[in-house]
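Below is one structure, written out as structure tokens; the observations come after it.
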Amino acid sequence: MSKQNVNGEPIHSLFADDPEMHELISYFVQELPDRARTVAELWRERNLEDLQRMAHQLKGACGGYGFTPVGVAAERLEDSLKSEADIDAIGEQVTQLIDLCRRVAA
Amino acid sequence: MHEQSTKPVVLLIDDAIDIHRLLETRLRAEDLELVSILRGAEGLETAKRINPALILLDLNMPDMDGFEVLRLLKADPQTVDTPVIVISGSDQTADKVTGLDLGAIDYVCKPFNFPELRARVRAALRIHHLMQLLAQKAHIDGLTGLWNRQHFDERLAEEVAACERNDRSLTVVLCDLDNFKSLNDSYGHAAGDAVLQGFSRQLGQLIRRTDIACRYGGEEFAIILRDTDAASAMSLLERIRSELASMVWPRHPERSVTASFGLCDGPPGARNDPNAWVEAADKALYQAKEAGRNRIVVAGGNPGDAMPLAKAG
Ligand SMILES: [Mg+2]
């Protein structure tokens, strides 16, 4: 698996300046590495069903917390899993999603 | 209006804790109270228990998905009228059509656009408020503004059950305007209507907030007095009786109007039967008519001595 993008620019929330969201976002960012690890694990086990559920939740959550690029990557992964796309393409999307998760910053 | 208007309760059913946190924050400024549930089945059970003003329902959930929850909500008379907004990560037309056809009033996609979500929540709460007004209107008597017979029947069943369960006192009153037919004949129906309205207004002013005054039919009224025994009911009714008798009517100042009252604070041996309360009050009312009208009679006789239920007045 390639490791490109790991050192890309940090991704900040669209709502980073919204005081109402401040606490929520930092909480979310703290938890995100755990979720990225879960995604990697599910992919390693080829547990595609739970992986799809996870992608679905990340899509809604990352979008809602203002991390649009991560939400979009999660959506792409969910769509590929739903349509039973080529397994290599799915692997590539998993990698991209995990890399984007790592760049998320409060 | 037996439900006090506090903040409307909005029930969120979504399997993602992120969404709970997000909405709890994003809807904080709205005039509502949010209750969040993670599972479909539990959400359904909660909806029945708390009777929310609005349900925000996720589609993609394990065990019981949102469509199934929606189907069950709409199949249950208790929740069928509760507005539901589907909140889903799916922007597929087929899902939107299914959700709306199953009875959702709106469909909002995730990720949320929050100003839009908030506006849609407010719109749904307005609809809920209007539906409540409409439901209430169906229980109000058009001429007098009092509750109608249907409302009386429903509330009486509830109050009789509640007083049995909680060992509280309860008094049911039937009241009939005396010689109303002759009043109508002498002064016309408009005068009769004015009397019904005037008496209803007086009744509304004299009863307490927890009492339930209804137009039972024609010139007959029914009052449910919660947490009230016959003795305290008597003092309230005596005031109503004497104030009515001394009222001067613009259309016929020469003729006063009186009413007779029968009340029952528990039919012996049949406390859990709403009909038995009404029958006992009705018998007492008949006795009040027989004894000369313009008086109050407490049901106390043996329910075995059946008396004709015809009205003397
Ligand atoms: Mg979900």
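For the protein assembly as shown, with only Lys/Arg (+1) and Asp/Glu (-1) charged at the beta-carbon, what is the dipole magnitude about the Cα centre, in debye rounded to 20?
That gives the protein assembly as shown a dipole magnitude of about 1360 debye.
Taking 35 Å as R0, compute the FRET efficiency from the Cβ-Cβ separation of A:GLU20 and B:VAL248 and round it to 0.05.
Numbers: r = 62 Å, r/R0 = 1.77.
The computed FRET efficiency comes out at 0.05.
Using 0.36 nm per residue, how much length does the chain from B:ARG149 to B:SER256 gain when fully extended, once their Cα-Cα distance is taken away?
Between B:ARG149 and B:SER256, full extension yields an extra 35.9 nm.
Can you pull the one-decimal nm distance between simple spin-label points at B:ALA270 and B:GLN136, each 7 Å off the Cα toward Cβ?
That separation, rounded to one decimal, is 3.4 nm.
What FRET efficiency comes out for the pair B:ALA190/B:ALA41, r = Cβ-Cβ distance, R0 = 51 Å, nearest 0.05? Write out the running numbers ahead of the final one.
Numbers: r = 58 Å, r/R0 = 1.14.
The calculated FRET efficiency here is 0.30.
Quick one: if you stick a label point 7 Å off each Cα along the C-beta vector at B:THR93 and B:GLN202, how many nm between them?
The answer from the label model is 6.6 nm.
Picking from B:THR93, B:THR144, B:THR171, which is most flexible by a Gaussian network model of chain B using Cα springs under 10 Å?
B:THR93
Values quoted throughout were computed directly from the atomic coordinates according to the rules given, and no laboratory measurement underlies them. Predicted, not measured: the structure shown is a model, and the values here were computed from it. Quick reminder, even Gly has a Cβ in these numbers, built from the backbone with ideal geometry, and neighbours come from all protein chains shown.
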